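Bear in mind that the values in this text are calculations on the coordinates, not laboratory data. The structure presented is a predicted model; accordingly, all values stated were derived computationally and were not measured. Backbone-built Cβ (ideal geometry, glycine too); neighbour counts: all protein chains shown.
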Amino acid sequence: MTDLNAPPQQLQDDDVAAIDELREVYARLCSELGKIIVGQKTTIEQMAICLFARGHSLLMGVPGLAKTLLVSRLAETMNLTFSRIQFTPDLMPMDITGTDILQETASGRREFEFVRGPVFANIVLADEINRAPSKTQAAMLEAMQEHRVTVIGRTYHLEPPFFVLATQNPVEQEGTYPLPEAQLDRFMFLIDVDYPSRDEEITIARTTTGGKMPELEHILDAEKIIRFQELVRRVPVPQHIYEFAVDLTRRTRPNSADAPGWLNPLVAWGAGPRAVQYLVLGAKARAALTGSYMVRLEDVLEVAGPVLTHRVLTTFAAESEGISSADVVRRLVEELTAEG
């Protein structure tokens, strides 16, 4: 039987060296992206956490905040295949997955040949995913969850690493289809991309209206990324961190024994067990990126917002009072931290 009070297993010497290497690689990655992307340090960190935790990210923000540019430049720093899918109201599932096309062979016979769609890439940018109808969104999210697609009864596997970065504009804008909560749950992080500061916006105006953009150096390849992803899974986690992640998630569920009284009228639906998994994995990835050989409470606190915000569905009463999911998560984190 496992001893719940036992200390976490220590890393091997090779893993310690690998974490040091990952910290250096991450610093180089941020430096390269900084040649083109102004600010957005938190966004870059959260995207890197998702990549090395084998998750997917949904970037939320109004148009013009360089979400697409950031994703494309992130792919440029990696020696990986990259594709961009522009989601539109008339986009069909086969436009993403690919389909069979009748081709004539060298012998003169006609045979169906599968032509792969843009989802067959290591990094996929799903641009404005909420502009496509639900059937097309479901096809994309199935590929994210299963790492495979099924076309006319045949299954095709996607080569690792497979990382989807989707962008979404606010649903109040015309021509958008909000993602259902069940589909939002497939994303590890909801990354809120905010407006730049005044100084950053001045820098953007100066650097993007001049000459040619600099080319970025390839820092990572598929083999290294997979190796670092496996390393992240081995980062030790103290027992109290597991308990904190579970307790925080359980408090998001209204009308449960763990939920505080003030939450019940504000939240219609809370986070499920997948949130606990992503809290732990996100904390492991952040610990490794920052050079820590063990997960700390601060790692969980840093990933709590992007993991939980899109998994907490607020009620009309909360909306009428101007209380968002982010506000609820922030208060839960503050209360649980104060108790500990």
The size of the Cβ-based charge dipole (Lys, Arg +1; Asp, Glu -1) of the chain about the Cα centre, to the nearest 20 debye, is 420 debye
Using label points projected 7 Å from each Cα along Cα→Cβ, tell me how many nm separate Y195 and V115, to one decimal. 4.5 nm
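Would you please give the FRET efficiency between Q103 and M213, computed as 1/(1 + (r/R0)^6) with r the Cβ-Cβ distance and R0 = 41 Å, to the nearest 0.05? Intermediate values should be presented prior to the final figure.
Working: r = 39 Å, r/R0 = 0.95.
Approximately 0.55, to the nearest 0.05.
To the nearest 0.05, what FRET efficiency results for E159 and A268 with a Förster distance of 35 Å applied to their C-beta separation?
Working: r = 39 Å, r/R0 = 1.12.
Using R0 = 35 Å, I get an efficiency of 0.35.
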Taking 45 Å as R0, compute the FRET efficiency from the Cβ-Cβ separation of Q239 and T150 and round it to 0.05. 0.65
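Averaging sequence separations of C-alpha pairs under 8 Å and six or more residues apart, then dividing by the length of the range 235-340, give the relative contact order as a whole percent.
Working: 140 pairs, mean separation 32.5, N = 106.
So the answer I get is 31 percent.
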So the angle from the long Cα axis of helix 67-76 to the longest Cα principal axis of the chain, reported in degrees to the nearest 10, equals 70 degrees
I'd like the Karplus ³J(HN,Hα) series for the range 271-286: coefficients 6.51, -1.76, 1.60, θ = phi - 60°, whole numbers in Hz, and an x wherever there's a Gly or Pro. 7, x, x, 4, 5, 4, 4, 6, 4, 5, 5, x, 5, 4, 5, 5
With just the Cα atoms of the chain, tell me how far they stretch along each of the three principal axes, in Å, largest first. 74, 56, 52
Between L69 and R206, how many nm apart are label points set 7 Å from Cα along the C-beta direction? 1.5 nm
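Of all DSSP beta bridges in the chain, what percent run antiparallel (nearest 5)?
Details: 13 of 32 bridges.
If we restrict to bridges inside the chain, about 40 percent are antiparallel.
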